[in-house]
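What follows draws every value from the coordinates through simple rules; no lab data is involved. Because the structure is predicted, anything quoted here is derived from the model rather than measured. In this analysis, Cβ positions are derived from the backbone assuming ideal geometry, glycine residues included, and neighbour counts consider all displayed protein chains.
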Amino acid sequence: MPISSMTGFARAAGEHQGLLWHWEIKSVNGKSLDLRLRLPPGYEALDIPVRTALTGVIRRGSLQATLVVGGGLPRETLRINTEILDRLVAAGEALRERIGGEPLRADMLLSIRGVVDVAPVPEDEAALDQRNAAILQGFNEALMGLAVARRAEGERLHAIVANQVSRIEELAAAARSSPARNPDAIRAKLAEQVSRLLDTGTALDPGRLHQEAVIMASRADIQEELDRLDAHVQAARSLLVTPDAIGRKLDFLAQEFNREANTLCAKASDRSLAATGLELKTVIDQLREQVQNIE
């Protein structure tokens, strides 16, 4: 199963009984699964089904899903408050008989606050369920499109990460076969350092000198670091074929790679070995950047 990126975008549109709608889903990197859902007023019932559908497909990332609707049957209607209107007409006619004036006009009465109300149109529950089901199906289509986009980006990341892991293996092998690790080379290096100490004229105990030489050789040994690098390479390759969300595990593994590379550089007593260690650190830094995008 290919790995998935956390970056992607998808859109789905549809129509239900004259109601036009479309979904947009954007996905970027995130430490966990986080959804910011934007629904228009009156569509709050979609919140839980949308989140449930999302968790069944996406395991990690920061997502934003937006629903936009338009058209459809009017959801509000005008209602004349006949009780208030009758009172206004009666009061107006009484006042006109008393002081005179022109007859009351309908436009004047309708403009008075409270005479005309905007009332919601009663919605049938079955019709609402059908509408929501159609829109939720559209969300599922957009969600599947997002999953496809994330997998496509994941295939590209898979190739990059696999190449970087192979490069780490090559550099570890180069460090393992470095001439600087040859016993004769180590012996010559120690002899040079001892010679410099003797040139200072300081009296040195031969036994203590031998002991210090052994300690120096032990500290310069990078065998354990190379063995752990090899083990991490095998672990990374195993993760790359695991049908699971591996981003966090790869991120941790990249930190372990970096730890071994830092130790190798600190122990390197030869320029060529130090250069290999620095190149190793560069590749590991690039690896860490890429795994941040993996689900």
* Asked: How much length is gained on full extension from Ala53 to Ile112, taking 0.36 nm per residue of separation minus their Cα-Cα distance?
  -> 16.3 nm
* Points 7 angstrom from Cα along the Cβ direction at Thr66 and Ala159: gap in nanometres? -> 3.2 nm
* What is the distance in Å between the Cα centres of segment 83-112 and segment 224-295? -> 87 Å
* **Whole-Å distance, taken between Cα centres, linking segment 20-69 and segment 151-178** => 35 Å
* Cβ-Cβ FRET estimate between Lys31 and Glu224, R0 fixed at 25 Å, reported to 0.05 -> 0.20
* Between Ala275 and Ala152, what length comes free when the chain is fully extended (0.36 nm per residue of separation minus the Cα-Cα distance, one decimal in nm)? -> 40.7 nm
* Pull out the extension gain between Arg248 and Ile80, defined as 0.36 nm times the separation in residues minus the alpha carbon to alpha carbon distance; nm, one decimal. => 54.2 nm
